[in-house]
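To start, the structure itself, in structure tokens.
The values are calculated or read from the model by the stated rules, or taken from the named source; none is laboratory data. Everything numeric here is computed off the predicted structure, so don't read it as measured data. Virtual Cβ from ideal backbone geometry, glycine too; neighbours counted across all protein chains shown. Quick note on the areas: whole protein, heavy atoms, side chains included, nothing else; ligands and nucleic acids left out. Shrake-Rupley method; radii C 1.70, N 1.55, O 1.52, S 1.80 Å.
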Amino acid sequence: MDKKEKLENLKISLEDNIKEFLENSDELKNFLKFCKENFRKYSIKNRLLIYSQNRSATFIAGFKKWKELGYIVKKGEKARLIFAPILDEEKEIKKFIFVSVFDDTQVIATENAIPLPEIDTNFMKTKNCKYNINSLFKITKELVEEKTGKSIIFYSNNSREEGMTDGKNIYIKKKEKISMLGTLIHEYIHYIRHFQEKKLSKNEEEIEAELGAMIFGSIFNLDISKKYGYLYFYKKGVNLRESFENVLEDIEKLTERVNNKINLKAI
């Protein structure tokens, strides 16, 4: 298999993984768990690449780096591929290329091996816990207001719209807290991403906003099963992988702040 064919297969693998995330909430949780526990300093694209090639990986390095650390790459192991930047004379990123790496399942430690960094599993301690939805909504609302610099405006009427934003304020229809939480995240993504110079299509904007709500819900073990129909309605002409990558980092930042501030106790 030549490099061009290998890269094409890798691209297909990425697309298949994104499709699986969107069709299977457990698979989405597995990927988010993988991202939290491993490779937190890597880009979203590289984490997707690593996950698509080996979901058990916790550490990667090039052949020479492994040797420096006191490890030997097992005979017959095939390299994984990730993106690496090429810098110009001013140390600015010129372009990205694929480079070969090996993960920790592909090497053998020698007697001089340096212990690998321990994995941070703190985020997943509440994986199977129930949350106080009122507190979760309150804290998330406060953090969104802090980020946007605007208070959330609540309204009550017979409108079919659950929420909206004009780029200046976020409006949420008064309902039960768990419903408002999903709407809040949806409109938050619209607010921070869809009032910039770069214009997206209506379908792209709606897919990004709803993916944001789904990722948030998956992290906090909320039921996201009803959101797949919304994705199906707007998915025409949308690159789901690109949309997923676009919002994942924004939601990761928000959920990390929620976790740092939240004072919810497992029941």
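Summary table below
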read-out	value
Amide proton proximity set for Ile82, modelled H, under 5 Å, gap of 5+	Val99, Val101
Charge sum, other residues only, whose C-beta stays under 12 Å from Lys74's C-beta, Lys/Arg counted +1 and Asp/Glu -1	-1
Long-range HN-HN contacts of Gly163 with modeled amide H, under 5 Å	Lys173
Computed FRET value (nearest 0.05) for Ala109 with Asn239, which takes r as the C-beta separation and R₀ as 30 Å	0.15
Length gained when the stretch Phe96-Glu37 is fully extended (0.36 nm per residue, less Cα-Cα span)	18.7 nm
Length released on extending from Glu20 to Glu162, taking residue separation times 0.36 nm less the Cα-Cα span	48.3 nm
With DNA, RNA and ligands ignored, accessible area of Glu204 (1.4 Å probe; Å², nearest 10)	50
Candidate residues Arg47, Arg193: accessible-area rank, largest first, probe 1.4 Å	Arg193, Arg47
Set Lys138/Lys253; Lys150/Lys236; Lys168/Lys253; Lys95/Lys150 screened for pairs whose C-alpha atoms are more than 28 Å apart	Lys150/Lys236; Lys95/Lys150
Solvent-accessible surface (1.4 angstrom probe) belonging to Met214, in square angstrom, nearest 10	0
Karplus-derived 3J(HN,Hα), 6.51/-1.76/1.60, for each residue of segment 235-251, Hz, glycine and proline x	6, 4, x, 10, 7, 4, 4, 5, 5, 4, 5, 4, 9, 4, 5, 4, 6
Exceeding the 30 Å Cα-Cα cut-off - candidates Lys174/Lys198; Lys33/Lys141; Lys33/Lys199; Lys45/Lys173; Lys177/Lys202	Lys174/Lys198; Lys33/Lys199; Lys45/Lys173
Amide proton proximity set for Phe154, modelled H, under 5 Å, gap of 5+	Ile172
Extension gain from Lys138 to Asn203, taking 0.36 nm per residue of separation minus the Cα-Cα distance	20.4 nm
